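Here's the structure, in structure tokens; my notes come after.
Rule-based calculations on the coordinates, nothing more; no lab input. Everything numeric in this text was worked out from a predicted model, so none of it was measured. Quick reminder, even Gly has a Cβ in these numbers, built from the backbone with ideal geometry, and neighbours come from all protein chains shown.
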2 protein chains.
Amino acid sequence: MEQYPSKLLESAVNELSKLPGIGRKSALRMALHLLKKHPEEVEALAGSISMMAKEIKFCSECHCISDEEICHICSNPKRVRDILCVVEDIRDVIAIEKTGQFIGLYHVLGGIISPMEGIAPADLTIESLVTRCGTSQIREIILALPATIEGDTTNYYISKKLDGKGIALTIIARGISFGDDLEYTDEVTLGRSILNRQPYAHSLHP
Amino acid sequence: MEQYPSKLLESAVNELSKLPGIGRKSALRMALHLLKKHPEEVEALAGSISMMAKEIKFCSECHCISDEEICHICSNPKRVRDILCVVEDIRDVIAIEKTGQFIGLYHVLGGIISPMEGIAPADLTIESLVTRCGTSQIREIILALPATIEGDTTNYYISKKLDGKGIALTIIARGISFGDDLEYTDEVTLGRSILNRQPYAHSLHP
């Protein structure tokens with residue numbers, strides 16, 4: 001532990017270094033950067049994170065972060081209401097919204113099942129998904145979780161939970177990325193992309 | 001600009017992305033991380049940086065960050081008071097203190113002269129250094145600024161300011177680092193380390 005010349009500085013560095021991906025050196029750099037700013041600017045940062053933690057709501061339908069009881073996607077009358085896209089967190093919602101290719105609703109799990117990190121099904125919004133499928137007319141659920149073992153485990157768990165409810169379960173396509181060289185694609189991805197090959201005409205309309 | 005589902009989140013991301021080395025993706029990751037924490041933990045972070053910005057003092061002698069009017073180094077009776085080590089910022093003080101090789105006092109410039117970044121001599125504590133040299137009995141000033149053009153410019157500026165005051169000006173040794181392979185050392189460093197070679201016995205006591 002370094003010897004800081006000020007307890008106030010030390011406390012700020014301790015707190016900043018708890019942020020993900022921030023070590024003590026970066027935290028010190030940030031603290032010194034803040035000290036060069038006007039106190040009002042630092043107050044803007046402190047106030048915004050404090051306010052966010054206190055005031056933010058989660059949409060009661062899809063569990064996405066929202067300023068309202070129902071988020072702007074769930075309350076949008078133009079969205080198709082019988083297709084749900086299941087994602088890990090809100091970053092995936094932002095990423096999919098940016099593609100402009102999805103007009104249904106989301107269901108944000110808040111994580112994926114991971115025994116290594118101690119995340120069990122009960123920590124996620126899977127029960128809420130099952131309830132949602134019981135009360136609303138859901139025709140299709142698109143699983144859009146990470147292509148990892150944890151993602152696959154969560155997909156499997158959800159598929160078991162929704163078994164026999166007459167809902168079409170689909171999964172986002174896994175294959176080579178746009179611009180990928182086959183030579184540098186890992187063999188699992190390349191193998192799957194051959195197994196899941198599609199009619200040529202279809203692939204012209206991504 | 002991404003479309004965030006919440007103004008509160010957007011505002012926190014905007015503020016976090018102003019931190020040095022933090023882009024919008026990292027800022028979003030941080031904000032979502034904070035949302036998973038208890039509000040008290042977020043309050044601890046917000047409170048510590050806000051408190052630091054409001055309450056922190058700078059030592060009136062060496063300009064180092066301090067919780068008191070005079071920092072714990074300047075007020076330490078065991079420190080030698082006639083040698084000053086001139087550094088860019090407090091990180092250098094921490095680094096030099098860690099070596100345990102310096103028992104004098106510091107003078108923190110608060111930056112180095114950089115026309116590119118618009119930092120002029122007047123933005124630094126150089127005048128205060130000159131005053132300090134006039135009022136205290138200073139025997140030696142060690143220049144410990146970065147080995148860059150900006151550092152060299154600042155060294156030169158300080159040396160001109162202190163010209164004729166009868167103070168020994170020294171500069172920290174520049175040469176190959178501990179563990180360096182000569183083959184991979186840049187030629188400027190290697191050239192200087194040959195020019196500034198020292199008697200062999202001396203180099204046994206780093």
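Values as computed for the structure displayed
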quantity	calculated
Pairs from A:LYS7/A:LYS54; A:LYS78/B:LYS7; A:LYS18/B:LYS54; A:LYS78/B:LYS18 whose Cα-Cα separation, in the structure shown, is over 32 Å	A:LYS78/B:LYS18
Fraction of antiparallel bridges per DSSP, the range B:57-206 only, in percent to nearest 5	20 percent
Sites A:ILE167 and B:ARG24, calculated FRET efficiency, Cβ-Cβ separation with R0 41 Å, nearest 0.05	0.70
Dipole moment magnitude, nearest 20 debye, the range A:71-203 about Cα centre, only Lys, Arg, Asp, Glu C-beta charged	780 debye
Linear extension gain, A:VAL188 paired with A:ASP152, 0.36 nm per residue minus alpha-carbon span	11.6 nm
Test item: Cα-centred dipole of the range B:1-115, Lys/Arg +1 and Asp/Glu -1 on Cβ, debye	400 debye
Within the protein assembly as shown, percent of DSSP bridges classed antiparallel, to nearest 5	20 percent
Theoretical ellipticity at 222 nm over chain B - DSSP helices of four or more residues, -39500 (n - 2.57) apiece, nearest 500	-12500 deg cm²/dmol
For B:HIS107, distant residues with modelled amide H under 5 Å away	B:CYS85, B:VAL86, B:VAL87
A:ARG79 versus B:MET116: modelled label distance in nm, points set 7 Å from Cα along the beta carbon direction	4.7 nm
Longest exposed-site-free window of chain B, the sites being trypsin sites (Lys or Arg not before Pro) in a DSSP loop that have at most 16 other C-beta atoms within 10 Å	B:82-138
For the protein assembly as shown, the spread of Cα positions along each principal axis, largest first, Å	91, 49, 38
Cβ-defined net charge surrounding B:SER6, 10 Å radius [Lys, Arg +1; Asp, Glu -1]	-2
Relative contact order of chain B, pairs being alpha-carbon contacts under 8 Å that are 6 or more residues apart, as %	12 percent
Span-rule helices in chain A, defined as complete DSSP H runs reaching 15 Å or more along the axis (Cα) with Kyte mean at least -1.0	A:24-35, A:39-55
Sites matching chymotrypsin sites (Phe, Trp or Tyr not before Pro) across the range B:124-204 that sit in DSSP coil, with at most 10 neighbouring C-beta atoms within 10 Å	B:PHE178
Residues of the range B:118-158 with amide N under 19 Å of a point placed 7 Å along Cα→Cβ from B:LEU195	B:143-158
DSSP-loop GluC sites (Glu not before Pro) across the range B:39-106, with at most 16 other Cβ within 10 angstrom	B:GLU68, B:GLU69
Amide H contacts under 5 Å for A:ILE73, placed H, 5+ residues apart	none
Sum of side-chain charges, A:LEU145 neighbourhood, beta-carbon under 13 Å (Lys, Arg +1; Asp, Glu -1)	-3
Length-normalised contact order for the range A:4-100 - Cα pairs under 8 Å, 6+ apart - percent	11 percent
